[in-house]
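Everything on this sheet refers to the single structure shown next.
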Amino acid sequence: MADYMETVQSWLDGNYDQQTKDEVMRLRDTDPKGLEDAFYRRLEFGTGGLRGKMGVGTNRMNKYTVGMATQGLANYIRKHCAGDDVKVCISYDSRNNSRLFAGITADVLAANGIHVYIFDDIRPTPELSYSIRRQGATAGVMVTASHNPKEYNGYKVFWSDGGQITAPVDKDIVAEVNAIGDPSEVRFDPAASEAPGSVEYMGREMDEAYLKDILSLTLSPESVARHTDIKMVYTPLHGTGVRIAREAVERLGFRNVYHVPQQDVIDGDFPTVKSPNPEETAAMKMALEVAEEKGAEIVLATDPDADRMGMAIRDDKGSLVLMNGNQTASILTYYILTRWKELGRLDGNQYIVKTIVTTELLPAIAECFGVKTYDVLTGFKYIAEVVKRNEGKATFVCGGEESYGFNVGEFVRDKDAPVACAMVAECAAWCADQGMTLYGLLQKIYAECGYFKEQMKYIVREGKEGAEEIAEMMNSFRTNPPASIGGSPLACVKDYNEPEKTGLPKSNVLQFFSKDGDVVTVRPSGTEPKIKFYFGAKGADADAKIEALREQFIR
């Protein structure tokens, strides 16, 4: 048998609870392939934390892997952060076991003498980021698997600036986590969390502060006051946005925010959707039906931890059409920069940030306003890193990524769906003042800044064999790049495994650029068993070029 069977036996013989041992034996006796996948490796604590399927085994999210990750984090904090009053904030989403994993995280940190602030109930990831800065905490932990299917959960680590950990802190924490070889090394003492002052709960007071700062971003209060009757539908997809995101829009003054009652229910099984991902058309189905029933102009949806937002708007024929992340980011960026210009806030020292796989329309928009654009690797943590680096030197206006993430302002250092929802509603009111719709604004942007088309496709390859296949695909693209892209000769290749050439941190990402200026980006997902392809084209024939690119790379 493979080496992993030794690990299996160590779980059967070790100090694990009986329920866990019973499940290991069940897998051993009835599901050998499932057993292998659960134990063939240790669930990787990557540069952002953990994410994986829940269940028994070293390659699963469970109380033992969470405990070991937390002990590693505690060890790093204790080694590198001086003083007795070291604080960590914790939040969690609506997923199955999220509350349990958050409680274990709190207990282990407290047992290591670390002061813990934990939310009294589910809260969005951006509010966790916000709380770190407000509480002056050293770090934060968010228990979530974002938009993944119900079988998954995860563990994101944030640092004192409110952003997810980046180099060199990320790799040093990973090393500490990997040094924990066995659950017996975890200081787990539930009584420690009952000591006076060791664990404190955060609640409505933090919500109020967060909502107040969201409303402080408002750029067009007069427009909102004139159009409070705009009809919109909001769904949290069974997640944390049920309170904060909807409340932010309503506090702006909008009176006709309709619900999808079945999806207001907090349920980690996400019973009304296959996947609670606003990027998926199927996840938006019920909200779209309510919008048709109510005659709503806008549909807004957030994922379980409310950091991503998807939306649908009425087109020029009155039909509801789904916007992708690139389109949403473009609409909001253009609106915000327009209002900043009208309000006299642009003086040449402002900037926006986007990821390398996000539409080139964003820098085209920024250029129209004399605003600088930073390009960063995929992941909002890199956007937050730029904001941190420029703090006190230049002003961050907004940042976006194609995967439905957007943020405005500097008090949250991650993508922020409540902020994005409020900004979309406000933008719609401003458009109404201009005699225009959100869809009309998008067409105006295309006319002024150029037509850009993007599409992302992925291939799923699960398990050990799938991971090997994805690795082989990347190797093949790297060693045998295509001679042409969509019929246009290959102009250059960017391999982000070569940071000395790209100027960005090392990452397993390839970009192919054609002489026509079109681009294809290929990268394995860091959180899911997928290899992703991002296609980008510009010009009047961009739609046709996207189809050609897709056919070339995905067979």
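The values are calculated or read from the model by the stated rules, or taken from the named source; none is laboratory data. All values derive from a computational prediction rather than experimental measurement. Using ideal geometry, Cβ is built from the backbone for each residue, glycine included, and neighbour counts are taken over all protein chains shown. The area values use the complete protein model at the heavy-atom level, side chains included, leaving out ligands, DNA and RNA. Shrake-Rupley method; radii C 1.70, N 1.55, O 1.52, S 1.80 Å.
Quick notes
- Using 0.36 nm per residue and subtracting the Cα-Cα separation, the extra length available between residue 458 and residue 483 on full extension is 6.8 nm.
- Backbone geometry of segment 392-402 corresponds, through the Karplus equation with coefficients 6.51, -1.76 and 1.60 at θ = phi - 60°, to 3J(HN,Hα) couplings of x, 10, 8, 9, 7, 8, 6, x, x, 9, 5 Hz, x marking Gly and Pro.
- Using a simple spin-label model with pseudo-atoms 7 Å out from Cα toward Cβ, residue 389 and residue 547 lie 4.1 nm apart.
- C-alpha center-to-center spacing [segment 79-127, segment 144-158] in angstrom: 15 Å
- Surface per residue (accessible, 1.4 Å probe) for segment 1-122, Å²: 42 Å²
- Taking amide H positions as modeled 1.01 Å from N, with prolines and chain starts lacking one, no residue 5 or more places away or on another chain lies under 5 Å from residue 48.
- Spin-label pair residue 29/residue 201, simplified geometry with 7 Å Cα→Cβ offset, distance in nm: 4.2 nm
- Within the chain, helix-based [θ] at 222 nm, where runs of 4 or more DSSP H residues each add -39,500 (n - 2.57), nearest 500: -12500 deg cm²/dmol
- Here's the list of aspartates and glutamates a cross-link from residue 294 could span, going by alpha-carbon distance under 19 Å and ignoring same-chain residues fewer than 8 apart: 229, 250, 264, 315, 316.
- When only alpha carbons are used to place a centre, segment 523-547 and segment 287-324 end up 23 Å from one another.
- Backbone N under 11 Å from the residue 160 label point (7 Å along Cα→Cβ), restricted to segment 97-129: none
- With all protein chains modelled, accessible area of residue 80 [1.4 Å, Å²]: 110 Å²
- The amide H of residue 89, built 1.01 Å from its N in the peptide plane, has 117, 139, 140, 141 as neighbours under 5 Å, considering only residues 5 or more places off or on other chains.
- Given +1 at the Cβ of Lys and Arg, -1 at the Cβ of Asp and Glu and no other charges, the dipole of the chain around its Cα centre is 860 debye to the nearest 20.
- Bridge type composition, the chain - antiparallel percent by DSSP, nearest 5: 60 percent
- Segment 432-495 - percent of accessible surface contributed by carbon and sulfur, probe 1.4 Å: 49 percent
- Residues residue 471 and residue 434, FRET efficiency given R0 of 51 Å [Cβ-Cβ distance, rounded to 0.05]: 0.50
- Net length gained if the chain between residue 226 and residue 81 were fully extended (0.36 nm per residue, minus Cα distance): 47.1 nm
- Cα-projected label distance for residue 508 with residue 216, points at 7 Å along beta-carbon direction, nm: 4.2 nm
- When the Cα positions of 202, 326, 275 are compared along the charge dipole of segment 189-348, 326 comes out farthest toward the positive end, with charges on each C-beta of Lys, Arg, Asp and Glu.
- Residues whose amide H comes within less than 5 Å of that of residue 353, counting only those at least five positions distant or on another chain, are 374, 398, 399, 400 (H built at 1.01 Å from N in the peptide plane).
- From phi via Karplus (6.51, -1.76, 1.60), per-residue ³J(HN,Hα) for segment 31-39 in Hz, x at Gly/Pro: 9, x, 5, x, 4, 4, 5, 6, 10
- Taking all protein chains together and rolling a 1.4 Å probe, residue 547 ends up with roughly 70 Å² accessible.
- Subtracting the Cα-Cα distance of residue 3 and residue 321 from 0.36 nm times their residue separation leaves 109.3 nm of extension gain.
- For the chain, relative contact order (Cα pairs under 8 Å, six or more residues apart, normalised by length) works out to 12 percent.
- Size of electric dipole in segment 255-307: Cβ of Lys, Arg +1 and of Asp, Glu -1, about Cα centre, debye, nearest 20: 220 debye
- Probe 1.4 Å - accessible area at residue 40, Å² to nearest ten: 60 Å²
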